[in-house]
Amino acid sequence: MNNPLGVTGAVPKKKFSDSVLEIVQLYSKWTTLRMLFLGFSAGLPLLLVLGTLGFWLREAGIDRSTIGFLSWVGLIYGFKWLWAPFIDQVPIPILTKTFGRRRAWLLVAQMIVIVGLLGMSRFDPATSMRAIVLCALFVAFGSATQDIALDAFRIESAQTKEQGALAAAYQTGYRLAMIWAGAGVLWIAARTENINTPYDSHGWQFAYVCMACSMGIGVLTVLLSKESQQISVIRQRRRPDIWLQEVFLYPFKDFIQRYHYQAFLILALIAVYRISDVVMGIMANPFYVDMGYTKDEVAAVTKVFGVIMTLLGAFVGGGLTLRYGVLKILMIGAVMSATSNLLFAWLGGRGHDLHGLIFVISADNLSSGIASAAFIAYLSSLTNITYSATQYALFSSMMLLIPKWMAGFSGVYVDHYGYQAFFISTAVIGLPVLILVWLVGKFVPMTEPATATE
C-alpha cells in the first residue's frame, strides 16, 4: 500500500536537490498559496476572544481567575463536531448554488466573525463585561464554523502526500494572523489610546475594528477561489431517519471501521497533543502585564522575532513532514513545545527582561510552528474525503476540549502557586504526549481514506 506519510515501512530516499525542488513546486501552487490567506482568516479570531482579550481584560482590572474562567469561551471550538455534519451535507439556499458548498459556508462564517468583532469594539470590559462575553461567544461560534468548512476545503484541495505543504501554508497564515491579532492589536491600541490615563478602552476598541476589517482577506480569497472537484456528493434521501444516519452516524462509523480499537489510541493522542501550549497560552498575556512589559514591547518582539520564527517553524515542519514522515516530526514538535514552556518559567524568575522575552517568544513560535504543521498534516491523513468536514471537526474538537477545560483553571493556579510553578506544570502535563506518539507509530498502521465505509 502506498504510504506517503512514511509512518510504517521504508520510504524511498530522494536526492536533497530533488526534495527541495518538490517542496518549492508545492508551495508555489495556487492551491497551496490560497491556504496562506485562508489560514490568516482562520487564525485571526482565536486570540481576539482568548489571548489578546486577556491582555485587555487584565489592563481593565479584571482578576486572573476571571480571565482564566472566561477562556472557556474557547470550549465552543471543542464542540464544533455537533454542527459539523450540517456543514458537511446541508446546502445554504442561493449561496451554495452560487459559490459551492464549502465556499458558501466559509462566507457565512466569516460574516459572523466580522459582526462579532465589531460588537466587541463597542464595549468596555470594565463596565460591560457581559456584552463583551456574548460578542466573544458569537465570534468563537463563527470562527469554529469557519474552521469546519475550511478544514474540509483544504483536505479536498489536494492529495494526501501534498497535505503537509498545505498544512504548512495554512499554519503560516494562521500564525501570522495570530501575530497580527496579538502584536498588531497591542500596537494599534498603544498608538490610539490616551497616554495620560492608566487605562483607556478607546485604543482597544479601535484595534478590534481594524481586526474586523482584516477578515476581508479571507473573504476576498474565498471569492477568488474555486470549489474543489473532489468534494463529496450531497446525499438526497426522502426518509429523515436515513438522512440523519448518513449525516451523523456514518462519519464516525467509517473512522471506527478503518482503525477498530486503535481508533481510541489515535483519539487519545489527538486529545492531548497540544495540551501544553493551550493551557499555558491563556496566562501568557496576563504574565506579560504582571511582569511590567508594555504593549509596545510585547508587540515589537512578537512582530519581529515571532514572525521570523513562525515562518521558519511552519515551513520547516511542512518540509520535514514531507521528507521524513509525520510521526517523527510530531515527536520533535511535542518535545519542543514542552521545552518552550520551561523557558517561560525561566523568564518568570528574571522579571522584566526584554532580551529574555525575545529569546522565549522566538523559541515558542518556532516550536509551535513545527508541531502545528505536522499535527495538521496528521489529522488530514486520518480523514475520509467523503466526510472530511465532520471527521476533521471531530479531531480538531478533541484537540481543544480537554486543554481548554483545564485552561479555565489556569488563573486560579497562578494565584495560588505563581507563574513559574504554572509554566513548569504545563510542561510536565505534555510528557504523556511523547508516549502516545510512540504508541501510535508502533501499533497504528496508516490507511488510505479514499472512500466511505458503510
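For segment 77-87, take each phi angle, set θ = phi - 60°, evaluate the Karplus expression 6.51 cos²θ - 1.76 cosθ + 1.60, and give the result in whole Hz per residue in order, putting x for glycine and proline.
Each residue of segment 77-87 in turn: 5, x, 10, 5, 5, 5, 9, 4, x, 5, 5 Hz.
Ordered by packing density, taken as the mean number of other Cβ atoms within 10 Å over each peptide's residues, highest first, how do 325-331, 417-423 rank?
Top of the packing list down: 325-331, 417-423.
Beyond 32 Å, what share of the Cα-Cα pairs of segment 34-443 remains, rounded to the nearest whole percent?
In whole percent, the long-distance tail amounts to 31.
Once you have a ≥ b ≥ c as the square roots of the Cα gyration tensor eigenvalues for segment 100-206, tell me rounded if a/c is under 1.5, and otherwise prolate or oblate according to whether a/b is larger than b/c.
oblate
Kindly flag which residue pairs out of K253/K442; K328/K442; K295/K404; K29/K97 have an alpha-carbon separation exceeding 19 Å in this structure.
Flagged as over cut-off: K253/K442; K295/K404; K29/K97.
Separation between the I435 and K29 pseudo-spin-labels, each 7 Å from Cα along Cα→Cβ, expressed in nm?
Using points 7 Å along Cα→Cβ, the separation is 4.0 nm.
Suppose we keep just the alpha-carbon trace of segment 293-343; what are its Rg and Dmax in angstrom?
Looking at segment 293-343, its Cα Rg and Dmax stand at 13.8, 42 Å.
Using every pair of alpha-carbon atoms in segment 275-384, split the distances into 5 Å bins beginning at 0 and state the percent of pairs per bin, rounded to integers.
The calculated distribution, bin by bin, is 2, 13, 21, 22, 17, 11, 7, 4, 2, 0.
Cut-off is 10 Å between beta-carbons; in what order do D147, D63, D364 appear when sorted fewest neighbours first?
Result, fewest neighbours first: D63, D147, D364.
Since every read-out is calculated from the coordinates, none of them should be taken as a lab result. Since the model is a prediction, treat every value here as computed from it, not as a measurement. Because the Cβ atoms are built from the backbone with ideal geometry, glycine has one as well, and the counts that use them run over all protein chains shown.
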